[in-house]
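A short write-up of the structure that comes next.
Each reported figure results from applying straightforward, stated rules to the coordinates on display, with no laboratory input. Only a predicted model underlies this, so the values are computations on that prediction, with no experimental measurement involved. Reconstructed Cβ throughout: ideal geometry from the backbone, glycine too, with neighbour counts over all protein chains shown.
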Amino acid sequence: LCRIELAKGADVTLKLNGDNELAGNIFVPEGAKLTIEDITANGTGRLAVYNTADKKYLPRGMNAFGAGDGYSAAIGGSQTQNGGEIVIKSGEIEAYSNYGSAIGAGQQKTAKVTILGGKVKAEASYGCAIGGGQQSAGDVTISGGIIDAKSDRSAPIGGGNQATDDSNIVITGGDITVARDFGSNLFGNSNGEAGVGASISGGSFNTDV
């Protein structure tokens, strides 16, 4: 059970040179930037972060406590503090959370996520897979990579189950798979008009967007 916390204002590059797993979360505070990239010669750099008890999100589960606190993002902001910027350049990334997003914001606050490449699998329950937590909007830019995003009650990419502000989602590339157990909004916010705050001009998808 552990947590990696970047200093405020830090600009950190996490260089993946093997198979890495973290039962906890990586906190990127507001003003800080975390860049993740694979530096192996054969593309085997991997990072898996489980902010849940059993290495997956708990569908509709109220007890989020386990490896992390469940309310923070697995990679990104905490429950009550804004997150900074997360940039994924390459590598195989897995992230799981509950009320916070898997990659992005904690339950109530915001963060910025940019995916340029790599293979990203993200799953959350009341929070987004990539973007905002249960009560927060998302700020996500995707221009490449292979993305598999699933949320139980929130939009897989965008804003959380109870987000009131519009999300800012820009997708210009990538191979993207999205799934949601409840509701129809796959990008943007969970409530209101489908796709609110989402701009999609490229990429390939497993569903009609």
- Item | Length released on extending from Arg3 to Asn191, taking residue separation times 0.36 nm less the Cα-Cα span | 64.5 nm
- Among the chymotrypsin sites (Phe, Trp or Tyr not before Pro) within region 145-207, which fall in a DSSP loop and have no more than 13 other Cβ atoms within 10 Å of their own Cβ? Phe182
- With x for Gly and Pro, the residue-by-residue ³J(HN,Hα) of region 71-82, computed from phi through the Karplus equation 6.51 cos²θ - 1.76 cosθ + 1.60 at θ = phi - 60° and given in whole Hz, is 8, 8, 5, 4, 10, x, x, 9, 4, 10, 10, 4
- Per its Cα gyration tensor (rounded if a/c is under 1.5, else prolate when a/b beats b/c, else oblate), the chain is best filed as rounded
- Which pairs break 23 Å Cα to Cα here: Lys8/Lys150; Lys15/Lys150; Lys89/Lys150? Lys8/Lys150; Lys15/Lys150
- Item | Packing rank of 5-16, 135-146, 150-161, where each peptide gets the mean count of other beta carbons within 10 Å, highest leading | 150-161, 135-146, 5-16
- Query: Which residues does a label at Lys89 reach in region 95-120, if reach means a backbone N under 19 Å from a point 7 Å past the Cα toward the Cβ?
  - Reply: 112-120
- Of all DSSP beta bridges with both partners in the chain, the antiparallel percent, nearest 5, is 0 percent
- Message: Please give the Cα centre distance for region 93-128 versus region 1-47, rounded to the nearest Å.
- Response: 14 Å
- Task: Can you grab the distance from the C-alpha centre of region 69-84 to the C-alpha centre of region 169-209, Å, no decimals?
- Result: 22 Å
